[in-house]
Structures are given as C-alpha cells and as structure tokens.
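In what follows, a single structure is set out as structure tokens and then discussed.
The values are calculated or read from the model by the stated rules, or taken from the named source; none is laboratory data. Predicted model only: the values in this text are computed from it and were never measured. Every residue, glycine among them, receives a Cβ derived from its backbone with ideal geometry; neighbour counts consider all protein chains shown. For the accessible areas, the whole protein counts, side chains as well, though only heavy atoms, and no ligand, DNA or RNA atoms are used. Shrake-Rupley method; radii C 1.70, N 1.55, O 1.52, S 1.80 Å.
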Amino acid sequence: MTTAPHPVTDEVREPGPAGQQIADRHVTRAKRGIPWGRILAWAVMVIFLLITIFPFYWMLRTALSSNNALATDPGSLLPVGLNTGGFERVFGMQDVETAIAQGGSGASINFWRYLLNSVAVATTVTIVQTFSCAMAAYAFSRLRWRGRETVFLIFLGSLMVPQIFTLLPNFILIKNLGLVDTLLGIMLPTLFISSFAIFFLRQFFNNVPREVEEAALIDGASKVRVFFTLILPMSSAPLATLALLTYMTAWNEYFWSLMVSYTDQSRVLTVALGVFRAQAPGTGPDWSGLMAATLVAAAPMLILFALFAKKIVNSIGFSGIK
Amino acid sequence: MTTATTSTRSAPPRRRKKDDTKLALLFIAPATVGLLAFLVWPLLTGIYYSFTEYTTLTPPQWVGFENYQAMFADPVFWNSLKVTVLYVLINIGVQTVVALVIAVLMQRLTQSTLLRSLVLAPYLVSNVVAAIVFLWILDTQLGIFNIFLQWIGFDPIAFWASETWVIPTVALVNVWRHMGYTALLLFAGLQAIPGHLYEAARTEGAGEITLFRRITLPLLRPILALVLIMTIIGSFQVFDTISVTTQGGPADASRVLQMYIYQNAFAEYQFGYASALSVALLVILMVVTFTQYWLTNAGKSDLD
C-alpha cells in the first residue's frame, strides 16, 4: 500500500478559485429575499460551536468555584463561591487541613514534577524524532543508494501496525533494559522513529529545487553540508508543522506512559490526572481541583495552538495522496 | 544503481554521479534502529508471546495454541468484542455524520480560519482531559447536563454507571474530541471540488439537497473512504477514556478489547494471553482495513 491514509500537510492553502466561486454564488443568492437556508445553516453551525466550546468554559467555571458551593448550587452558569483553591491544591500551595476543608483529598500531588516530566518527554521526543526522521527522509529523497525504494517501502509498511500491538512487547523490552519507571523508558519507543514523519518530510524534500543543491555541490559543498545549510533551512515551515504535531501527540499520550511509569519520578501529566481523579475523597470527587488540573494540563497545548492556529488548521488535508 | 529520481531524468547528458551508500546508511541509522527495535522486533516477539505462558517473572513457556483455545472459550473476550464493535458503530456513525455536516456548512458559509480553529480545539486536549471533563458534566447528581435534563423535564441519567448508557456515553465523548478534526479533513476534500460544478447544476435549477447528493457526496467519496479507514482503526483502539472513567464497568459493560488486554497483562500478569488477545485485535484491524479498501476502492478519485 503506497498511498498511506494519513493526513499530510500542504503549506497554507489559500481559498483558491473554488472558494471564490462559492463566495460569488452567495452574493447572487442573497439578492432574492430572506435567505432562510443560510440562517438555518448558521444556526446549526452555532449549535455545534457551542457544543465544542462549552466544556472548555465549564472547566474554567468549575476550577474557579469553591468545591462546597458546587454541591449546593451546581446549576449556576457562573463560578460559585469564586476562589482559586482548586489551582492552589493542584500546585500544592494549600496545607492539608485547608485542602480537606475545601473538599480536596489532602494527598500531596506533585504537579510541578509532572509538568516538568511532560515537558521533558515531549520536548526531547520532538527534537530527536524530528531530526532523526529528517535525516532518514533526506536519504530517501536525495541520496543515491542501492535498495533505497525497498527500504522506504518497509518504513511505509510499518504505518500499518497498530500501536496496541507493539505496546506489550515494548514494555517487556523496556523492562529487560531496566528502564521501567524512567523518562527514557517512556521516550525510547518513539524517540528515533515515526514512519509518518519520514513519509511526510520526504514529500517536501522531493520538492526542493534540485538546481539549488547542484549549485552548492559544484561549489564543493558536501552532501552533509547541503543537508544542514540548504535542505533543512528551506524546509523550515513543514519541519515546524511536523514538530508541533509531534509535540502534541507526545504531550497527550497516555496508554504507554501508564504502563511504564509507577512513581513521581517518571509520572507525566496525563497519567497524573488519572491518579488524581482516582484519589476522590470520601465526600465525592474534588471537582474544582480536578478541573483546575485538567486546565493546567491542557493549557500548554491551547497556548501553542493559539500561537500557531493558522499553520495547524491549514496543514490538515490530504495533499499527500493526490 | 537505482537512480529513479524524477528531476535527474530531465537532464539527460548527466555525468555518472558517485554512489552515496555510506552516507545514506549513516543518515538512516537512527530511524532504522528505532524501526527494528520498537516496531519490527515487537511485532515478531508479540506473535511469539501469544504462543507462550508468560508471567514476566519466569521466562516464557511455549504452550502452542492454548492461549487461542482459551480465548475462543472465554465469554469475557466475546463480550469485550461485542462491546468494542458497539462502541465503534456508535462512535464512527455519529462522528462521520456530524463531521460531514460541519464540513459542508463550513464550505457553504465561511472560509474563516478562526472558526476552523475553534472547531479543532477539542482535538488539542488529551483523551484523559476530555474524559474527566465529561465525567463532571455528565455526573448524575451535580453534572450540568443532568441539571439541564431535569430543567427540561427529564429524569437524570447515570451516564457512567448504567450498563445501557456507558458505551454510548464514551462513544459520544470521543465524538466531541474528534469531530472537528474529522470535519477539517473532509473540508479539505470539499475544497478540491471545482466550484463551477455547483454553478452549472444551479443554473439547471438544482436545489441544495440535489447538489449535495449529486455532486458533493460522489466527489467526496474517496476522501470519505480514507477518513473512514483512519477513524475506524483509531476507534477500535479505544482505551484512554475508559481507563480514566469506568475501568471497564459497570460489570463488563464498557470492558472493550484494549481494556481487557491491559488488565490481563498488568492486573493478572498473563502476558501470553494478553498477547493472544492483541493478535486478535491486529487481525480484526487488518480485515477491516482490507475489506474497506476493497469495498470503496479508496485509491480512486472521480475527479481524475
């Protein structure tokens, strides 16, 4: 299967002629009376947007509420008993008595540690994996060697293996390497390889004009130099998009980390959230604290997204298979 | 020598260039080590473990097909299969329809990047975050959705604790997280449909429904097929949401195949049996992929 069903970036897709014609048609349509169809369409769209956005608002509203007030006034659309106790519990800024009085479990949760672990894992995986896959993609795109196409097909084929299948054997491998409950153990399986990344970058390297490369080679530059000083800088846009997607995947990963990490030394945010959720005190879950924790866990991705929304949104498409 | 590159071919009188084999091996070395150690090797050992009794404390003991025989006789396995398929049907059914509606609405209404960003927002948070938020929103006593239900005159529903509701609930929570992303994939496909087709049909007097049925749907079919293959494979691997919320309960009502595999390996330490279950999931996924690929001719596009 050479046309892998994976979303592949194409750089900023402008609303082309097709979009323009759709816009024109709306103008002609708007001329005849009240556009009920369009009003209905917008109404449906707004409902979907509300469903999409409401849970985010609800996280914030609950995180800023007092846990005890939540139980008496659960239906208020605004924060009830406005306070920052939820966030204070998450970051361990409350003493045990206050925490329990406010409906927390009183158990210490080392959130800074989990945040740091998540940042360490996601950052290392993103940098090393992107670099390792860029090198491989360059070899598959621009270097001449025997067996190139065959080896590339093997890499492509590995896209077909579902993650679940490699989890158990990989756990045993990591265990035999003595890396259970370490950050390295969490990172290792995805540290060097993402067949998708190789496939994706190869497409871009293929499109870098060959003349540029030839000119540098004639000037006496080596292929290694061409890779670092020409190919990588010229592909900075797709590299950045890929890095963002990789960071997001690593940050949100749960199943594998759950298998490998047991104690605070390797616990990442997603796993910590699960533990935090399971530590419900006898009075019922600490919803205010839980929502504060989920917001803290989601915030870095939402901020990254706010900064690069245009790039990410426009990168979603299927250009790779056309 | 394999010089099957495109643009060297366009310059016919080329010098014989030197072979880069050594450099290429250096460049693919890290990725190849990763591929062999963490994808190829586990694929082989995973199949091997499925034929063994393995508790990780002692070395694996070859037992032939015993794990598979046990699996076929295991009612919990068949139940988990049933639950997983039910989950996939609801999840994919609702998600595909909703995503298609959002994509068509976006195509018709606006090219706004802001709107597309908002639609994508749930995809950025982890499954774990989505699960905990909906655990709260759908809480039987205090959840805002149940308060809303009571306000409009219904009884509150124990979404997470009822055997009937738990799988639809998990499926819909995951629809919430993935519908925007799926919609944007479909939207990208819609952008490729030439606008003049709609224009021509409209001058013939075709209405919106006809346009959708006669132009949008047939021309979107190849993209839709690929999106379906991707999302179904993802859907079969549901785990995070259930692990955080119900752990498979109430009773076995949400014990999907992945949950059962995880519990066999990490609660029962039956790695051999868990591996056999994984092989079953792998086989199911392969059958699903090939059937779909064959049924829909996913590679072909009506626009070509």
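A few points about this structure:
- Of the numbered criteria (1) farther than 26 Å from B:S126 by Cα; (2) within 8 Å of another protein chain (Cβ to nearest Cβ); (3) touching a strand residue (DSSP E or B) at 6+ places or on another chain (Cβ under 9 Å), the one B:R202 fails is (3).
- Test: residue in the range B:170-190 that is farther than 30 Å from A:I316 by Cα and over 19 Å from the mean Cα position of the chain (by Cα): no
- If only residues of the range B:73-102 that are open to solvent by 30 Å² or more (accessible area, probe 1.4 Å) and over 22 Å from B:T289 (Cα atoms) are counted, the one that is farthest from the chain's Cα centre (by Cα) is B:A73.
- Condition met for A:T124 (of a type in the set (V, I, T) and over 16 Å from B:P30 (Cα atoms)): no
- Elements of type helices (runs of 4 or more DSSP H) contained in the range A:1-84, each with 1 or more residues being at pLDDT 85 or above and β-branched (V, I, T): A:36-63
- Considering the range A:42-97, and only residues there that are under 18 Å from A:R277 (Cβ atoms) and hydroxyl-bearing (S, T, Y), the residue that is farthest from the other protein chains (Cβ to nearest Cβ) turns out to be A:S65.
- Where helices (runs of 4 or more DSSP H) fall wholly inside the range A:155-256, the ranges with 2 or more residues that are within 30 Å of B:P59 (Cβ to Cβ) are A:163-176, A:183-191.
- Qualifying residues in the range A:100-143 (those that are among the aromatic types (F, W, Y) and open to solvent by 20 Å² or more (accessible area, probe 1.4 Å)) - the one modelled with the lowest pLDDT: A:W112
- Checked against the criteria, A:W256 counts as under 30 Å from A:L177 (Cβ atoms) and in contact with a Phe, Trp or Tyr (Cβ under 9 Å, 6 or more places away or on another chain).
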